[in-house]
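Notes for the one structure printed next.
Here, each number is a calculation from the coordinates, and none is a lab measurement. Nothing here was measured: the structure is a model prediction, and the numbers come from that model. All Cβ positions, glycine included, derive from the backbone under ideal geometry; neighbour counts span all protein chains shown.
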Amino acid sequence: MSEEKQPVYGMHIRKLWLQQETFPSCNLYPFNLEIFRQTPSLEFSKPVTFFIGENGSGKSTLLKAVARKCGIHIWEDQPRRRYHVNPCEDLLHRHIRIDGDEVEGSFFASEIFRHFAEVLDEWAVADPASLEYFGKSSLLGQSHGQSHMAFFSNRFRIRGLYLLDEPENALSPRMQISLLRMLRKFASGGEVQFIIATHSPILLAYPDSDIFSFNHIPIRKVDYESTDYYRIYKDFLDNPQKYLD
């Protein structure tokens, strides 16, 4: 009898199934995306996994669904009145199944980070020590890039699952390299797992990571140098003039 395969230490999510048979019968996003209808599952075998794809491909939507399925809070501002309301928009988490461990975690997206920082400042009025978890100073008193890096460098020290939606926003190339090194530092400790939706060729250069492309149906793994991000950026830097002619 073969030995049972042991889970990799630090891998809090090992597999995700998209349960197409339970999708609601509507033609609304995200259930109308062929990529979700034709991708049966994703396996996570590395501490760092990237989701890549064009805008609207579904990568951020799946990342949020993972957060909701795992009970990870998504900090969001008060809802605004909308001309068109999609009743299916935030329901994907009800139609996925995850093989993993219960673990604390965090969801980060730059467009909602300010709301978190404002709430943190409100807490600090009553309990100033709460700022000690994020560098001992208000995140609102720093630039966007500095506040993001302060959050990352302090939050990633805690064992857990970290879901990052385009964390490169507001970060200079130099800061992106610092974040790349930070991912390597914390992932190598064996207690954290990252799933990151990104457009950054700098972050995608992380060694020994898995890159899932949402530009293919079904979703599939791709090599770094075969991504559009690598090829387009490299080609542009080698000969920017041809893109201006």
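Can you pull out the residues in the range 27-44 that are of a type in the set (S, T, N, Q) and in contact with a Cys (Cβ under 8 Å, 6 or more places away or on another chain)? Result: Asn32, single match.
Going through (1) closer than 27 Å to Leu120 by Cβ; (2) part of a helix (DSSP H, G or I); (3) under 16 Å from the mean Cα position of the chain (by Cα) one by one, Asn169 falls short only on (2). Would the range 222-237 turn up any residue that is within 25 Å of Trp17 (Cβ to Cβ), within 16 Å of the chain's Cα centre (by Cα) and outside any helix (DSSP H, G or I)? Scanning the range 222-237 turns up no residue that is within 25 Å of Trp17 (Cβ to Cβ), within 16 Å of the chain's Cα centre (by Cα) and outside any helix (DSSP H, G or I). If only residues of the range 116-136 that are of a type outside the set (D, E, K, R) and surrounded by 14 or more Cβ atoms within 10 Å (Cβ to Cβ) are counted, the one that is farthest from Asn154 (Cα to Cα) is Ala124. For the range 172-210, the tally of residues that are touching a residue at least 60 places away in the same chain (Cβ under 8 Å) and part of a helix (DSSP H, G or I) stands at 4. The range 8-62 holds strands (runs of 3 or more DSSP E) entirely within its bounds, and those carrying 1 or more residues that are over 30 Å from Gly189 (Cβ atoms) map to 13-18. The residue that is surrounded by the most Cβ atoms within 10 Å (Cβ to Cβ), among those in the range 137-161 that are in contact with a Leu (Cβ under 7 Å, 6 or more places away or on another chain) and assigned to a loop (DSSP other than H, G, I, E, B), is Ser138.
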